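Input: a single structure, listed below in structure tokens.
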Amino acid sequence: MSAADLPEREGMDYDVVVVGAGPAGLATAIRLKQQAAERGSDISVVVVEKGSEVGAHILSGAVIDPVGLDALLPGWREEADAPLSVEVNDDHFY
């Protein structure tokens, strides 16, 4: 079978393709859209993830410093479906 015999492939065009929906990939996609909006323009951004859904590879019970979320998405803590719900008040190491 030659290339001429194959059916035409479907395609979609994007301005930016981010591979991986981990913290860095999602932050990149969000910030690019924010910057475009600040300039009064719009860009098409797609995030390609191998997992069944965003966050499928993230471990639960992780303790994170939310400073990155605060900088990227001001006001996220007031959202009803905020991704972090329990604040750490102190910790102990043994």
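Observations on the structure shown:
- Every helix of 4 or more DSSP H residues in the chain counts as -39500 (n - 2.57), and over all residues that averages to -7000 deg cm²/dmol at 222 nm.
- Two-site label geometry, A36 and A82: point separation in nm, points 7 Å out along Cα→Cβ: 2.9 nm
- Per-pair calculated FRET efficiency, R0 = 22 Å: D70 and H92 via Cβ, rounded to 0.05: 0.30
- Kirkwood radius, the chain, all distinct C-alpha pairs, inverse of mean reciprocal distance: 16.8 Å.
- Rounded tilt (10° steps) of 23-38 against the dominant C-alpha axis of the chain: 80 degrees
- Taking amide H as placed 1.01 Å from N in the peptide plane, the amide H of A21 sits under 5 Å from that of K50, each at least 5 places away or on another chain.
- Looking at the stretch 1-93, the accessible area is 85 square angstrom per residue; that uses a 1.4 Å probe and ignores ligands, DNA and RNA.
The values are calculated or read from the model by the stated rules, or taken from the named source; none is laboratory data. The structure presented is a predicted model; accordingly, all values stated were derived computationally and were not measured. In this analysis, Cβ positions are derived from the backbone assuming ideal geometry, glycine residues included, and neighbour counts consider all displayed protein chains. Only protein heavy atoms, including side chains, enter the accessible area calculation; ligands, DNA and RNA are left aside. Shrake-Rupley method; radii C 1.70, N 1.55, O 1.52, S 1.80 Å.
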